[in-house]
1. Is region 124-134 home to any residue that is within 16 Å of ligand 3 (Cβ to nearest atom), open to solvent by less than 60 Å² (accessible area, probe 1.4 Å), more than 25 Å from Gly258 (Cα to Cα) and of a type outside the set (Lys, Arg)?
2. Is it the case that Gly147 is touching a Ser or Thr at 6+ places or on another chain (Cβ under 9 Å), more than 13 Å from ligand 1 (Cβ to nearest atom) and either of a type in the set (D, E, K, R) or modelled with pLDDT of 95 or more (or both)?
3. Suppose we filter Glu69, Glu95 for residues that are within 24 Å of Leu200 (Cβ to Cβ) and either free of Cβ contacts under 8 Å to residues at least 12 places away in the same chain or surrounded by fewer than 19 Cβ atoms within 10 Å (Cβ to Cβ) (or both); which single one remains?
4. Among the helices (runs of 4 or more DSSP H) lying completely within region 153-211, list those that include at least 1 residues that are open to solvent by less than 10 Å² (accessible area, probe 1.4 Å), in contact with a Cys (Cβ under 9 Å, 6 or more places away or on another chain) and hydrophobic (A, V, I, L, M, F, W, C).
5. Which one of these is of a type in the set (Gly, Ala, Ser) and either closer than 19 Å to Arg137 by Cβ or in contact with a helix residue (DSSP H, G or I) (Cβ under 9 Å, 6 or more places away or on another chain) (or both): Gly92, Gly37, Gly85, Gly102?
6. Which ones in region 109-123 are open to solvent by 10 Å² or more (accessible area, probe 1.4 Å) and within 15 Å of ligand 3 (Cβ to nearest atom)?
7. Note down all Cβ pairs under 7 Å where the first residue falls in region 267-290 and is within 16 Å of ligand 2 (Cβ to nearest atom), the second is part of a helix (DSSP H, G or I), and they're at least six residues apart or on different chains.
8. Just the residues that are within 19 Å of Phe210 (Cα to Cα) and of a type in the set (S, T, N, Q), please, taken from region 61-111.
Amino acid sequence: MKCKMCGETAAVSLRSCHAGFCEKCYQIYFRRQVKRGIESRNLFSRDDRILAALSGGKDSLALALELVELGYNVTGLFIDLAIPGSSAKARGITEEFCRAHGLPLIVADLGREGLPIPEVKKLLRRPVCSMCGKIKRYYFNKIAVDGGFDCLATGHNLDDEVSRLFSNTLRWDKAYLSDQGPVLEACPGFARKAKPLWRLTEFETANYAFIRNIPCHSDPCPYSGGASFGVLKNVLQKLESGMPGKKLDFYLGFLDRGREAFAKEQESKADALAPCWECGAPTSSGDICGVCRAKRTLAERRA
Ligand code: AMP
Ligand code: FES
Ligand code: ZN
């Protein structure tokens, strides 16, 4: 197969656009998709201070590299979950990446915060993943708001977005469907959130990370196992292989024609929130938020 842009031998073949690219032109293609993702939905501007959540994985490091090279004002954020055999490795890769690219990095250490994930896991009878996700999002938001950042960017890709949309649709979860998308505007207590890689699939990001030689942390989380998103991603993969380009179509169709049907859910969601008595973060609990509650329980157990 020949490169669609220059006619050289192709290194990456993309069925979704029926085309192949050589390594050099693939980077041009990738950048165009990132720029289009940012500009077409007004994710942020060059005047904004962006806090990029970096897990040490290929998606978030590819995101950081693109944002830096596109000239955005970026600071990295790594949440150290204190998971033995995993977090230190991911942290080392992220720190090294930021050093190499002159990127300032903020590290939130959950061990120091009194919330190491292995201890949180012991509090729960169900898998820790959803609580871990909640804690991560809590710190993403808190650090972005407290630090006066204009936007929090994550490395979610098209596959993440489409499987989440599919899962929300299967449950007809109106509240989640009301605010899913590449950008979520700031509102009291919440920073603006953006997903600049939303037009690119996991396969496309993996190819980019490989071509750009980005050293990344690819070990799965030791606590993840049989996550239902894996099943959904497989179904969507089958759909995509039979109908190339369908994933992006489905997502764009939702953004342009589906989401507005759920808009009023947003208001009722915001109405149900009040500041946490302990940390001030918005919560629907009526007293202290779930993160402060977990912190408190763990502190009591240690005492
Ligand atoms: P995941 O939910 O693990 O697929 O991650 C989605 C996105 O969340 C990543 O692309 C990162 O931007 C961010 N993220 C996940 N884990 C961390 C972490 N430990 N520290 C900072 N950002 C993270
Ligand atoms: Fe949080 Fe695995 S990354 S439980
Ligand atoms: Zn709180």
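The values are calculated or read from the model by the stated rules, or taken from the named source; none is laboratory data. Quick caveat: nothing in here was measured; it's all calculated off a predicted structure. Please note: Cβ atoms are built from the backbone with ideal geometry, for glycine as well, and neighbour counts cover all protein chains shown. We work out accessible area using only protein heavy atoms, side chains counted, and drop any ligands, DNA or RNA first. Shrake-Rupley method; radii C 1.70, N 1.55, O 1.52, S 1.80 Å.
1. Within region 124-134, one or more residues are within 16 Å of ligand 3 (Cβ to nearest atom), open to solvent by less than 60 Å² (accessible area, probe 1.4 Å), more than 25 Å from Gly258 (Cα to Cα) and of a type outside the set (Lys, Arg).
2. So Gly147 fits the description; yes.
3. Glu69
4. Working: elements: 158-170, 174-178, 202-211.
The helices (runs of 4 or more DSSP H) meeting that bar are 202-211.
5. Result: Gly102 is the single residue among Gly92, Gly37, Gly85, Gly102 that is of a type in the set (Gly, Ala, Ser) and either closer than 19 Å to Arg137 by Cβ or in contact with a helix residue (DSSP H, G or I) (Cβ under 9 Å, 6 or more places away or on another chain) (or both).
6. Listed by number, the residues that qualify are Glu113, Gly114.
7. Filtered contacts from region 267-290: Gly290/Lys134.
8. Thr94
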